[in-house]
2 protein chains.
Amino acid sequence: MKAEIIAVGSELLLGEIANTNAQYLSEWLATCGIDVHYHTVVGDNRERMVEVVTRAQERAELIVITGGLGPTEDDLTKEVVADLLGRGLHVDQPAYDRIEAFLKTRERVMTDNERKQALVIEGADVLTNEAGLAPGMSLHADKHQYILLPGVPREMKRIIADHFEHLLGKETIKSRTLRFFGIGESALNDRLADLIRTARNPSIAPYAELAEVRLRLTAKAFDERETLEMLDTLEQQVLDEVGTHFYGYGDASLPAVVLDRCRKAGLTLAAAESLTGGAFASGLTDIAGASDVFRGGAVVYADAAKVNVLGVEQTLLDEQTAVSRDVAIAMAEGARALYETDLAIALTGEAGPTSNSGQAVGTVYCALAQASGTQVLELTYPAFDRGMIRLRSVKDAYFMLLKNIGHSDVMEES
Amino acid sequence: MKAEIIAVGSELLLGEIANTNAQYLSEWLATCGIDVHYHTVVGDNRERMVEVVTRAQERAELIVITGGLGPTEDDLTKEVVADLLGRGLHVDQPAYDRIEAFLKTRERVMTDNERKQALVIEGADVLTNEAGLAPGMSLHADKHQYILLPGVPREMKRIIADHFEHLLGKETIKSRTLRFFGIGESALNDRLADLIRTARNPSIAPYAELAEVRLRLTAKAFDERETLEMLDTLEQQVLDEVGTHFYGYGDASLPAVVLDRCRKAGLTLAAAESLTGGAFASGLTDIAGASDVFRGGAVVYADAAKVNVLGVEQTLLDEQTAVSRDVAIAMAEGARALYETDLAIALTGEAGPTSNSGQAVGTVYCALAQASGTQVLELTYPAFDRGMIRLRSVKDAYFMLLKNIGHSDVMEES
């Protein structure tokens, strides 16, 4: 099956936003074994929209259109597709009721434009939109399937999550994402080469993210139980190979898993940061509810701060420089005492672009202090990118924590 | 002039990356007064590339193609365009020399594929690529102009920066970006309504970014001096209206301007962060060379940390809660003493999703301590988004600093 993704919206052609919807949809369709041959972006212009959809009919079987379902005069997608197929539009009552209920909370009556959002193409399956007012729709005509989705990414994603597994046929499609850290994409591909080459259904697709890799496992079958069993079996095969690098499912992030794991173990955490300058703490506190685990951290960028705030000895700094194993240990133990926590992480290193300590740029020490003692990890990153050295240091520190709290209760699938 | 932007690359159709190049180019072309009518993405497939370029010839005068200029067998853009125009390819000697010099540093000899990167279409103007090995090119044929650019965003942007102002005709095009904080896009549009409506050359275009707005001023004329004078005049008109919200030019960021301004004034800085949890410090330390200004900061998420680390009085916390004007003051003064700096910022507030202090979610206090005393800003944000409350608090704190170090020496244009 060949697909084309069409995004409608003049804001895309003006460069106000990027067409991230096409990326999201492409990954989903690839997951489902559908080849996307083209993305097209067109403005809110009837004539050009007709041309683009007509062209897509010539070269694709599945046509996914995002945008142009809203309430304004510029929103023409439904009208254009209905006209091309010689179909009418009618009010979808559940969508109408949702709009009416929404307006009632604002003490407003419905305008004609707002009512327009409840119109759907005759014969289409309506895809309810739990994140907004304009529903999506799916319809078959001649040899084509059309899927119309709102342009707001949050709404589009919600509709896909709610409907997509039934959109593309009678089979049930389920996918599961496994997240890995501490292994590069090519190393992971090598370790899983046989599985990736032979797995068709369920299939495996790797995606590289910032210093991480995620694997998407996808199974198709005629009932949900069967797809889940297929995914369970494949997941076990994957984890037998690279389980030591696995840290969570779906949208889980390393700091979220750290907080979850500490919370379950009843452990509190503090940080002492030099080169990462608050990024380790910030990643944790980005997550609501961090405060019951994370008590705080000291950003000690200047050497004087390491001495005054964390009690690192000046002689140690003089003898070994701030970028050293022993200073990392002293920082971690200082933070653990200052914040009165069970665990404390310290990060010190050379982020560059030039070295102040004499150590090579990219050298990082990560210490973990706990009641049983303090351990240190020496890390070496390529020296070319200051931001990447900081980012990877923070993630390595999270992963060091995870390895030391135990693997037994990885975060549940979301 | 009508334009179409074509991106070539199967990785785009697989959803591995988003087509951010098209966004960047669209903004540039809009700036130059050129209407972009379509974006198209096509895979590394000769037949489909021919179809897409042929279609673009029918509907656009300017055809910008990104991607497919690299060394692999899959990279077909030059070959496809040359074939369609009935032109040959020849080696561009400067590009060849660059590749050879690069390989020499790696002690390697040139392969045929690597040599392919030095090939350019006959009759094309070569656009040197200072950020990579494959040059871009611009050529005119029949009624069309073709601009071919590498797909790597960094290389594409560099070529545009180096060549774009001469690419689109005999006129010189110059643009200048002014950055604003503390004013929304619609308020800024209102204040500048007359200017934006009447300004054609030079023109003004506003772009909303995370809690910021940037204005792009663009002038076209037949020599550079004239464009710069036009930009200077328009800039002055803009600043007369909304100058109090202006903080820098081009790619300047708030923390970069803070560091620059502090450095010039010989001031050192520390931070005490509760709700922002290290994000203020992390934004500063992201920038190379922060250490001569920013000494460090205390992340004091738990109340006990506010007491133990910063010396905030427990009775104050009991009486006023952590989200209060007086605790913000005590935190700022505690950080200033602990880190021995000239300035210290403190941030405390309710980021939500629920309130622990009894204060409404979205209430934030930002204190600035200096030798002359401590001032506090009370901020109120919409309660709907924890991440946005944290982000805006951090940016408001940077802006509070800027306002207090003085406006006389805003960062020079980059």
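The values are calculated or read from the model by the stated rules, or taken from the named source; none is laboratory data. Nothing here was measured: the structure is a model prediction, and the numbers come from that model. Note that we place each Cβ from the backbone using ideal geometry, even for glycine, and neighbour counts take in every protein chain shown. Surface accessibility is based on the protein's heavy atoms, side chains included, excluding ligands, DNA and RNA. Shrake-Rupley method; radii C 1.70, N 1.55, O 1.52, S 1.80 Å.
Can you give the helix-only mean residue ellipticity at 222 nm for the protein assembly as shown, where every DSSP H stretch with n ≥ 4 adds -39500 (n - 2.57) and the sum goes over all residues, rounded to the nearest 500 deg cm²/dmol?
-12500 deg cm²/dmol
Using a Gaussian network model on chain B with a 10 Å cutoff between Cα atoms, which of B:Ala288, B:Ala346, B:Ala270 fluctuates the most?
Maximum fluctuation in the GNM of chain B, among the listed residues, is at B:Ala288.
What are the label-to-label distances in nm, one decimal and shortest first, from A:Gln314 to the same spot in the other copies, with labels 7 Å along Cα to Cβ?
Copy-to-copy label distances at A:Gln314, shortest first: 3.2 nm.
So if we plug the beta-carbon distance of B:Glu209 and A:Glu122 into 1/(1 + (r/R0)^6) with R0 = 30 Å, what FRET efficiency do we get, rounded to 0.05?
Calculated value: 0.10.
How big is the range A:172-249 by the Kirkwood estimate over distinct Cα pairs, in Å?
Its Kirkwood hydrodynamic radius stands at 12.5 Å.
Please state, as a whole number in µm²/s, the translational diffusion coefficient that the Stokes-Einstein equation yields for the range A:2-167 at 20 °C and 1.002 mPa s, with Rh defined as the Kirkwood radius across alpha carbon pairs.
It diffuses with D of about 134 µm²/s by this estimate.
Distance in nm between label sites at B:Ala337 and B:Asp142, each 7 Å beyond Cα in the beta-carbon direction?
So the label points at B:Ala337 and B:Asp142 sit 7.9 nm apart.
Since chains A and B are linked by a rotation, which residue in A has the beta carbon closest to its axis, and how far is it in Å?
Smallest Cβ distance to the axis, with its residue: A:Gly278, 2.
Can you give me the Cα centroid spacing of the range A:206-227 and the range A:1-74 in angstrom?
Cα centroid to Cα centroid, the span is 25 Å.
Once the other residues with Cβ under 12 Å from the Cβ of B:Asn113 are scored (Lys, Arg +1; Asp, Glu -1), what is the net sum?
-3
Taking a point 7 Å out from Cα toward Cβ as the label site, list the nm distances between A:Arg325 and the same residue in every other copy, smallest first.
5.4
Would you please state the base-10 log of I(q)/I(0) at q = 0.10, 0.15, 0.17, 0.23 1/Å for the range A:74-187, with intensities from the Debye formula using one equal scatterer on every alpha carbon?
Result of the Debye calculation: -0.39, -0.73, -0.88, -1.37.
For a quick size check, give me the Cα extents of the range B:145-296 along its three principal axes, largest first, whole Å.
53, 39, 28
Between A:Leu84 and B:Arg200, what is the spin-label point distance in nm, taking each point 7 Å from the Cα along the Cα→C-beta axis?
Once both label points are built, they end up 3.6 nm from each other.
Considering only A:Lys78, A:Lys143, A:Lys306, give the residue with the highest GNM mean-square fluctuation for chain A, with springs between Cα atoms whenever their separation is below 10 Å.
Most flexible of the set in this elastic network: A:Lys143.
Run the count for chain B, please: Lys pairs, Cα-Cα under 14 angstrom, 8 or more apart or on different chains.
Within chain B, the lysine pair count is 5.
Springs between alpha-carbon pairs under 10 angstrom, Gaussian network model over chain A: which of A:Gly169, A:Gly67, A:Gly136 fluctuates most?
Taking springs between Cα atoms under 10 Å, the residue moving most is A:Gly169.
Of all beta bridges DSSP finds with both residues in chain B, what is the antiparallel percent, to the nearest 5?
Bridges in chain B are about 60 percent antiparallel.
Can you tally the net charge around A:Ile160? Count Lys and Arg as +1, Asp and Glu as -1, for every other residue whose Cβ sits under 12 Å from the Cβ of A:Ile160.
Here the charged neighbours net out to -2.
Please report, as a whole percent, how much of the solvent-accessible surface of the protein assembly as shown comes from carbon and sulfur atoms (probe radius 1.4 Å).
In the protein assembly as shown, the share of accessible area belonging to carbon and sulfur is 47 percent.
If I model a spin label at B:Thr315 and A:Glu100 as a point 7 Å from the Cα along the Cα→Cβ vector, what separation in nanometres do I get?
In this crude spin-label approximation the distance works out to 6.2 nm.
Roughly how many whole Å is it from the C-alpha centroid of the range A:232-311 to that of the range B:259-316?
Cα centroid to Cα centroid, the span is 20 Å.
Please quote Rg/Rh for the protein assembly as shown to two decimal places, taking the Kirkwood radius as Rh and restricting both calculations to Cα atoms.
We get a ratio of 0.97 for the protein assembly as shown.
Antiparallel as a % of all DSSP beta bridges within the range B:16-160, to the nearest 5?
In the range B:16-160, approximately 70 percent of DSSP beta bridges are antiparallel ones.
In whole Hz, with x marking every Gly and Pro, tabulate ³J(HN,Hα) for the range A:325-334 from phi via Karplus 6.51 cos²θ - 1.76 cosθ + 1.60, θ = phi - 60°.
4, 6, 5, 4, 4, 5, 5, 4, 5, x
What translational D, rounded to a whole number of µm²/s, comes out for the range B:254-405 from Stokes-Einstein when the hydrodynamic radius is the Kirkwood one over Cα pairs, at 37 °C and 0.692 mPa s?
Here the translational diffusion coefficient equals 219 µm²/s.
Over the alpha-carbon set of chain B, work out the extent along each principal axis and list the three values in angstrom, largest first.
Result, largest extent first: 83, 53, 40 Å.
Counting other C-beta atoms within 10 Å, and keeping those with at most 10, which DSSP coil chymotrypsin sites (Phe, Trp or Tyr not before Pro) do you find in the range A:222-266?
A:Phe222
Give me the net charge for the shell around B:Gln359: Cβ to Cβ below 12 angstrom, other residues only, Lys and Arg +1, Asp and Glu -1.
Counting the neighbours of B:Gln359, the net charge comes to -1.
In nm, what does the list of distances from A:Asn404 to its counterparts in the other copies look like, shortest first, when each label sits 7 Å along Cα to Cβ?
The answer, with the shortest distance listed first, is 3.7 nm.
Please name whichever of A:Phe294, B:Thr363, B:Val258 sits farthest to the positive end of the charge dipole of the protein assembly as shown, dipole taken about the Cα centre and charges placed at Cβ: Lys and Arg +1, Asp and Glu -1.
Of A:Phe294, B:Thr363, B:Val258, it is A:Phe294.
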